[in-house]
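The values are calculated or read from the model by the stated rules, or taken from the named source; none is laboratory data. What you see is a predicted model; the values in this text were computed from it and never measured. Reconstructed Cβ throughout: ideal geometry from the backbone, glycine too, with neighbour counts over all protein chains shown. The protein model used for the area step is the full one, side chains on, heavy atoms only, and it has no ligands, DNA or RNA in it. Shrake-Rupley method; radii C 1.70, N 1.55, O 1.52, S 1.80 Å.
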There are 2 protein chains.
Amino acid sequence: MKNKTTTIALDAMGGDFGPTTVIPAALSALDRHKNLCLILVGQQEALESALQNAGGEINDRLSIQYASQVVGSSELPSLALRGKKDSSMRIAINLVKEGKAQACVSAGNTGALMATARFVLKTLPGIDRPAICSTLPTTKGHIHALDLGANVDSSAESLFEFAVMGSALVTAVDNIENPTIGLLNIGEEEIKGNERVKEAARVLSASKLNYIGYIEGDGIYMGACDVVVCDGFIGNIMLKTSEGVAKMFTHFMKEEFKRNLFTKIAALIATPVLKAFKKRADPREYNGASLLGLQGIVIKSHGGADSYSFSNAINVAILEIETNVPALITKQLESQLVERQAS
Amino acid sequence: MKNKTTTIALDAMGGDFGPTTVIPAALSALDRHKNLCLILVGQQEALESALQNAGGEINDRLSIQYASQVVGSSELPSLALRGKKDSSMRIAINLVKEGKAQACVSAGNTGALMATARFVLKTLPGIDRPAICSTLPTTKGHIHALDLGANVDSSAESLFEFAVMGSALVTAVDNIENPTIGLLNIGEEEIKGNERVKEAARVLSASKLNYIGYIEGDGIYMGACDVVVCDGFIGNIMLKTSEGVAKMFTHFMKEEFKRNLFTKIAALIATPVLKAFKKRADPREYNGASLLGLQGIVIKSHGGADSYSFSNAINVAILEIETNVPALITKQLESQLVERQAS
């Protein structure tokens, strides 16, 4: 981290565990990043009690902003937006809007977070549809995937915007000039895919982006490109399916290693290997999805994140502040539009 | 297997390895099923040489039907259909049409197989769109998923047909009366999902099927229902993504166990456990997707299947012949339509 101070607002009430995970994550982040300031947003009692339990205290780098309401995990986004103007989520986003924080992190309801962030912060000029972008592990390292659920039935133009935003993000956070872009598609159909995907392929091919063509589901985890672009319905199914396969594998492995005395001994001996293996595909390592296309940085943590996982989402926010991702998206989009007008 | 003879036509030229995998699989299936007859369909020289290498010979249960052409794996289905009337795939399907075989199995080009099967065999009365259905492992056992790539942009009515076909299949092969049906959807959107999925949910709710509601991607591998229904674009992405995650896990595990002398010893000790683990999620155990909705039984083997895997696809064909899946689909569909007219 550079010398100047970075301030992040944390929705301390979001996620399955609220302040009991957010506050330890905050304390650990403050410990690691000496120029970081955090604002905990939430209900007074819950925050004070969790802060005390975690052995933390208010100081010049850790402040509290009270908010009386909490957005429920299954609350309708539109109702949360209209009815919860004093929610921890809303106040955290307001702090970004007011310039009091440079980013906010929330483990709350994704739909409500996107709707509220979009309403409060507005989209960047030229961006019609913000998208959710996350990092996923691959055999070669990692890949960025978007949209993971903010939009359904995305148009070709939206898919192009997602590609621009993903490209800017990767340039910023991975320091890759002109990252490769793949369009998620299937290989089975006559001329491949549905109409929107085919149209998006034409738009991407004609752009200045480093578009490498269609990739299939298995290509994602082989690291076939730097950014994979898809509609949010598809992306969310892809993400949840991946989680499901990972859970099933873990379940099978536990069952097999617990089968009898011999397998239990084998498990003991293999423990360091299994730990190393687990770490490589651990979703906690990849926690922190970016809501891209907004006039501000908003990071969504997994709702079930523990404090280690939540602190990784804070790290994502820090990185995006340092590299100024929204400005890079605007720049990337302008350069694409100039190219289009010229051609 | 029951006492009467069952005859299956094998497209011996399909898949990545053609007769060198199909013929050993055929010999092993004949060995296991004493009332089974197989017809190998393919090019004379390739078949004879592979048969000799595998130590097999023509007899009253193994015959050969020559076909001069082969459909390429990336050939356009429409071109294969029009231009390859003497392909091994086409002749194998013709044998089903002519009643000389009760099913056919092919590891060839999925699109061409579906297009040819649909053209030659025709769909069942009341079925507008045939679908590809496969078995996937879950933590509880297995699940049937369709459509896995035959249709893109499926209508609500198509999704309903898929549910009927999947329900009939599970009743037949798993002997489950009234299997549970889930509709693949996402959990993030305002009122969830896209328009087609919402409309399909209304149609399914009003039907006599045992529809249990939406399931998300992770629910598939938790075994949330007996049959999961989705559009073929979504299903194919889901399937390929799952393959990708599985490959990545295997890759990570191999790397970790090969890291140093200690981890190599741990791998040796854990070998029986790792083998048992591998078998539970081994795609070879689940090889053999059904092309449902046709007037005949057509089973698609994975293109990269080895002979063990291909022989599992033959097993699927045998089971569907014994339980007469096409007749059950017709019966199930009629009963649904009667219900609809009555209501």
Of all residues in segment A:1-38, which are open to solvent by 20 Å² or more (accessible area, probe 1.4 Å) and hydrophobic (A, V, I, L, M, F, W, C)?
-> A:Met1, A:Met13, A:Phe17, A:Leu27, A:Cys37
When you go through (1) under 27 Å from B:Glu285 (Cα atoms); (2) open to solvent by less than 50 Å² (accessible area, probe 1.4 Å) one by one for B:Asn53, which number turns out not to apply?
-> (2)
Could you list, in sequence order, all residues of segment A:132-143 that are open to solvent by 10 Å² or more (accessible area, probe 1.4 Å) and touching a strand residue (DSSP E or B) at 6+ places or on another chain (Cβ under 6 Å)?
-> A:Ile132, A:Ser134, A:Thr135, A:Leu136, A:His142
If you scan segment B:275-284, which residues turn out to be more than 8 Å from chain A (Cβ to nearest Cβ) and either within 23 Å of the chain's Cα centre (by Cα) or among the hydrophobic types (A, V, I, L, M, F, W, C) (or both)?
-> B:Lys278, B:Lys279, B:Asp282, B:Pro283, B:Arg284
So which residues in segment B:100-126 are surrounded by fewer than 24 Cβ atoms within 10 Å (Cβ to Cβ), away from chain A (no Cβ under 13 Å) and among the aliphatic types (A, V, I, L, M), if there are any at all?
-> B:Val120, B:Leu121, B:Leu124
Starting from residues that are in a helix (DSSP H, G or I) and more than 7 Å from chain B (Cβ to nearest Cβ), keep the ones in segment A:220-238 and report whichever is farthest from B:Pro272 (Cα to Cα).
-> A:Gly232
Is it the case that segment B:191-207 has a residue that's assigned to a helix (DSSP H, G or I), free of Cβ contacts under 8 Å to residues at least 60 places away in the same chain, at the interface with chain A (Cβ under 10 Å from one of its Cβ atoms) and open to solvent by 60 Å² or more (accessible area, probe 1.4 Å)?
-> yes
Determine whether segment A:127-145 contains at least one residue that is farther than 17 Å from A:Gly223 by Cβ, part of a loop (DSSP other than H, G, I, E, B) and more than 14 Å from every other protein chain (Cβ to nearest Cβ).
-> yes
Within segment B:121-140, how many residues turn out to be more than 13 Å from the chain's Cα centre (by Cα) and not acidic (Asp, Glu)?
-> 12
For A:Asp174, indicate whether it is within 14 Å of chain B (Cβ to nearest Cβ), out of contact with any Pro (no Cβ under 7 Å at 6 or more places or on another chain), of a type in the set (D, E, K, R) and in contact (Cβ under 8 Å) with a residue 12 or more places away in the chain.
-> no
What residue, of B:Ser167, B:Ser154, B:Ser158, is within 13 Å of another protein chain (Cβ to nearest Cβ), among the hydroxyl-bearing types (Ser, Thr, Tyr) and crowded, with 17+ Cβ neighbours inside 10 Å?
-> B:Ser154
Does at least one position in segment A:296-319 carry a residue that is among the aliphatic types (A, V, I, L, M), surrounded by fewer than 22 Cβ atoms within 10 Å (Cβ to Cβ) and more than 11 Å from the chain's Cα centre (by Cα)?
-> yes
Note on segment B:72-90: residues modelled with pLDDT of 95 or more and surrounded by 23 or more Cβ atoms within 10 Å (Cβ to Cβ) are B:Ser87, B:Ser88, B:Met89, B:Arg90
Those residues of segment B:93-111 which are within 15 Å of B:Gly42 (Cβ to Cβ) and outside any loop (DSSP other than H, G, I, E, B), in sequence order | B:Ile93, B:Asn94, B:Leu95, B:Cys104, B:Val105, B:Ser106
Say we look at segment A:240-264 and pick out the residues that are more than 7 Å from every other protein chain (Cβ to nearest Cβ) and in a helix (DSSP H, G or I); which of these is surrounded by the fewest Cβ atoms within 10 Å (Cβ to Cβ)?
-> A:Leu261
When you look at B:Leu148, is it in a loop (DSSP other than H, G, I, E, B) and of a type in the set (A, V, I, L, M, F, W, C), yes or no?
-> yes
Result of the Cβ filter at 9 Å on segment A:313-325, keeping first residues that are touching a residue at least 60 places away in the same chain (Cβ under 8 Å) and partners that are among the basic types (Lys, Arg) and open to solvent by 10 Å² or more (accessible area, probe 1.4 Å), at least 6 apart or interchain, is A:Ala313/A:Lys300; A:Asn315/A:Arg32; A:Glu322/A:Lys2
